[in-house]
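Everything below concerns the one structure shown next.
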Amino acid sequence: MEAIFTPEFFNTMLIIMAAVGLVVFVSLYFVDAGYGKMISAKWGPAMPNKWGWMLMECPVFIIVLYLWWTAAPEVKYNVPYLLFFLFFELHYFQRSFIFPFLLKGKSKMPIAIMAMSVIWNLINGYIQGYWLFHLAPANPTYSVLYSTDWLTSWQFIAGTIIFFTGMFINLNSDHVIRHLRKPGDTNHYLPKKGMYRYVTSANYFGEITEWLGFAILTYSWAGALFFWFSCCNLVPRANSIYHKYENEFAEEFNGKRLKRIIPFIY
């Protein structure tokens, strides 16, 4: 099995997934991914949202944990690698085991969407974890780059600030959405607090900001791929949500000059 996990295989995976991301980006401008605000029966049988989110997010948490644990001790306990691991897992622990159980209501998620997300998360978990904890330490350039001196590099400092800024925006935006309605209220409301004063998908803006930060602080093609794929998935979805809000809250929406996902730009 180890024979297929080579640098050549890894690089091929990067190219394939970058191309898949482009296909996803174009496709989602024509077909809405049927979950959350865009839930649709055409995607087939559905399951409770809470369990759908947990099942689709936890594979990446588990596979990165495994790849870190199976790394050489001098790698996994080396401070830069350990911080890469902790930053990544902090996000996915929250997304896998906290966020789903904060969700309110009885929304559902199509099983097909959940299954496709599991596949992506397994692939992405492999790419991030195998690069950071197995390939990078064996790469002469990165074995030197990821020394303790990396902690004072501009990439690590700037990337870490961007990563945690994105995480804060993401968590705060989720909080705003969860508290739009009081108990028993079934009306729909346009979110207005936090970054929702500027964009209609503030939570997505927070998430792509996180992975931009991760790409910078790891200074890797693996991190860049994650940022690219996040944009390919979330930018067109933000466009769909923008038009849904525009139609649903026409009078309230007009004049706000809201953008879709990137403040003041798009």
Can you match semi-axes √(5λ) of the Cα gyration tensor in Å to one of these, (i) 29, 24, 17; (ii) 38, 20, 16; (iii) 34, 20, 17, based on a calculation from the structure here? (iii)
Note on the chain: helices (DSSP H) long enough, at least 15 Å by alpha carbon along their axis, and hydrophobic enough, mean Kyte-Doolittle at least 1.6, are 7-27
Extension reserve of the Phe97-Trp154 stretch, reckoned as 0.36 nm per residue once the Cα distance is removed: 17.3 nm
Check: segment 153-266 dipole with +1 on Lys, Arg Cβ and -1 on Asp, Glu Cβ, in debye: 220 debye
Quick check: pseudo-label points 7 Å beyond the Cα along Cα→Cβ at Arg257 and Val31, how many nm apart are they? 3.8 nm
Out of Ala215, Phe249, Tyr266 - ranked by how far each Cα lies towards the positive end of the dipole of segment 153-266, with unit charges on the beta-carbon of charged residues - the top one is Phe249
For the chain, whose charge dipole is built from +1 on Lys and Arg Cβ atoms and -1 on Asp and Glu Cβ atoms, the candidate among Ser107, Thr160, Leu225 with its Cα farthest towards the positive end is Ser107
Full extension between Leu122 and Tyr266 adds, at 0.36 nm per residue less the Cα distance, a length in nm of 48.8 nm
If you place +1 on the Cβ of every Lys and Arg, -1 on the Cβ of every Asp and Glu, and leave all else neutral, what size is the dipole of the chain about its Cα centre, to the nearest 20 Debye? 1160 debye
Under the helix-only model (-39500 (n - 2.57) for each DSSP H run of 4 or more, divided by the residues of the chain), the mean residue ellipticity at 222 nm, to 500 deg cm²/dmol, is -20000 deg cm²/dmol
Projecting the Cα atoms of Trp53, Leu90, Leu132 onto the charge dipole of segment 32-147, where Lys and Arg contribute +1 and Asp and Glu -1 at Cβ, the residue farthest towards the positive end is Trp53
Nearest-0.05 FRET efficiency for Leu90 and Asn139 at R0 = 45 Å, using Cβ-Cβ distance, is 0.95
State, to one decimal in nm, how far the label point of His179 lies from the label point of Ala19, with both points 7 Å from Cα in the Cβ direction. 4.7 nm
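Coordinate-derived values only; no laboratory data. All figures in this text were calculated on a predicted structure; none of them were measured in a lab. We place every Cβ from the backbone using ideal geometry, glycine too, and count neighbours over all the protein chains shown.
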